[in-house]
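Derivation of every value follows stated rules applied to the coordinates shown; laboratory data play no part. The model shown is predicted, which means the values in this text are computed figures rather than measured ones. All Cβ positions, glycine included, derive from the backbone under ideal geometry; neighbour counts span all protein chains shown.
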Amino acid sequence: MIDLHYELDLWMKGMSRVAGVDEAGRGPLAGPVVAAAVVFPPSTWIEGVNDSKVLAPDSREELFERILEHAWGIGVGIVENTVIDRINILQATYRAMEEAVGKIQPPPEYLLIDGRITHTFGVPFSAIVDGDARSFSIAAASIVAKVTRDRLMENLDKLFPQYGFAQHKGYGTRQHYEAIEKFGPCEIHRRSFRPFAEAGTE
């Protein structure tokens with residue numbers, strides 16, 4: 001259940017600049033991984049904010065605009081597929097998170113990050129498993145990351161219309177696999193991912 005439990009504890013300790021951090025796009029076969037960091041004024045609450053995966057696209061878009069209106073600061077980090085192939089998806093995700101956090105000024109005093117994190121960010125943080133379904137700030141970051149990445153994939157669909165990126169956003173759907181079978185990989189596919197790595201197309 002989404003609430004302000006984690007944020008309230010930190011706000012009560014005098015840390016007003018608490019950033020929720022999450023990513024979108026670790027699993028797709030194509031496109032970048034995107035991370036977002038969001039800092040709200042203490043006690044901010046936006047009704048409807050939830051894990052981006054459980055929200056309909058229209059709801060995500062509406063909440064995205066409301067988050068922009070209410071947040072003190074938002075940072076977005078984008079790491080392209082070629083970097084993912086070079087350093088692996090986990091390290092690319094951490095890099096995207098670092099970029100997102102680094103774009104917030106003044107810097108956050110504390111981070112609430114979704115998932116199991118084995119990385120240091122130069123800022124104190126808590127890693128929260130299923131944080132996007134538990135922390136308001138992380139859920140907001142998940143929405144910003146997801147909407148940003150979806151928009152990027154919709155734009156890339158115009159460059160590579162044969163793959164259907166606007167529909168599946170680069171994930172491994174049947175439609176996507178059939179397009180790869182027919183056309184082969186394009187320049188935004190992650191060559192280190194299956195099925196490309198298995199086929200020797202790295």
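Couple of notes before you dig in:
- Here the convex hull built on the C-alpha positions of the chain has a volume of 113 cubic angstrom per residue.
- Global form of region 17-102, assessed from the alpha-carbon gyration tensor, a/c cut-off 1.5: oblate
- For the chain, built as a Gaussian network whose Cα springs stay under 10 Å, the top-fluctuating residue of MET153, MET15, MET97: MET15
- Residue of ALA139, ALA96, ALA179 that the Gaussian network model of the chain assigns the largest fluctuation, springs spanning Cα pairs under 10 Å: ALA179
- Rounded to 10°, Cα long-axis angle of helix 174-183 versus longest principal axis of the chain: 40
- Part-to-part distance (alpha-carbon centres) for region 167-195 and region 58-117, which is given in Å: 24
- Trypsin sites (Lys or Arg not before Pro) lying in DSSP loop within region 77-121, provided at most 13 other Cβ fall within 10 Å: ARG116
- Efficiency of FRET between LYS103 and ARG194 - r from beta-carbon atoms, R0 22 angstrom, step 0.05: 0.10
- Spatially near lysine pairs across region 5-183, Cα under 25 Å, sequence gap of 8 or more or different chains: 11
- Between 0 and 90 degrees, the angle of helix 89-102 with respect to the longest Cα principal axis of the chain falls at about 40 degrees.
- Over the chain, dividing the summed -39,500 (n - 2.57) contributions of all DSSP H runs of at least 4 residues by the number of residues returns a 222 nm mean residue ellipticity of -12500 deg cm²/dmol.
- Pairwise label distance in nanometres, TYR171 with THR120, each label 7 Å out on the Cα-Cβ vector: 3.6
- Degrees between helix 57-70 axis and first principal axis of the chain (Cα, 0 to 90, nearest 10): 40
- Once the chain from PHE160 to PHE183 is taken as fully extended at 0.36 nm per residue, the excess over their C-alpha distance is 7.2 nm.
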